[in-house]
Amino acid sequence: MKKAYTLLGGVAFVLGMVGTAWAIPVTYSDLVLMFPPAYVSEGESTTWQHDINDDGFNPSADTLSSVRLTLLLSDDLDVSMACWWSHELEYGSLTVGSETYDLGEIDFGLYRVSLSAFVQLQDQGLLDVTLSSTGGDFYFWGSQLTARAEQVAPVPEPQTMLLLGCGLIGLAGLGRKRLFGSGGETKNTRRFVRHSLLRGIRPNLKQRKNQALA
Ligand SMILES: [Ca+2]
Ligand SMILES: [Ca+2]
Ligand SMILES: [Ca+2]
């Protein structure tokens, strides 16, 4: 009986696994490059859009946990300027949804921003970004979006579940036969079966032997 409980427990565990959906960590990235780089003049701004729908993002299956933007910016070093020390300073800010992030002084390099809210990306798979100059002018070369998400694993189709169910029922039946068969049969029953079988086969064997000799 102990074995029977173990088997039934195993079947229940597998069935439980089939019914439960689990989350898989996924990372989406989207690159927007500017050729030539976008010029952001003093007090002006430039906008672009990231799209992770074409990278496999599914708003109903993916739950975003973190979103980061990495921008490549450069100040517009004017080599024709007479005095190298009189270069102006550039400052920028990034606006995503209702949030604005200060980028500080712009030189040449990568500027990373971790977003605190990303409702639009979660709902539509799209992210509209605005880069503004809060002082001086500079160039925007491109933006890389990195979004981490938890993806709900697809639930097996009804046909697959039906097949699996049939297999499990078959396994349970086989296990039951093995478990209860040995205990339920008495020695006499076994003997009876063996004798019946032998009785059924022997005459045939004798007949064949006689036929072969004749
Ligand atoms: Ca994309
Ligand atoms: Ca600068
Ligand atoms: Ca400048």
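Any read-out appearing in this document is the output of simple, stated calculations on the displayed coordinates, not a laboratory observation. On a predicted model such as this, the values are computed, not experimentally measured, just so you know. Neighbour counts are summed over all protein chains in view; Cβ atoms, including those assigned to glycine, are modelled from backbone coordinates with ideal geometry.
Restricted to Cα positions, what overall size does segment 22-152 have along the principal axes? Three whole-Å values, descending.
The Cα atoms of segment 22-152 stretch 63, 26, 18 Å along their principal axes.
Using a simple spin-label model with points 7 Å from Cα along the Cα→Cβ vector, what separation in nm is obtained for ALA38 and LEU126?
Reported label-point gap for ALA38 and LEU126 is 1.5 nm.
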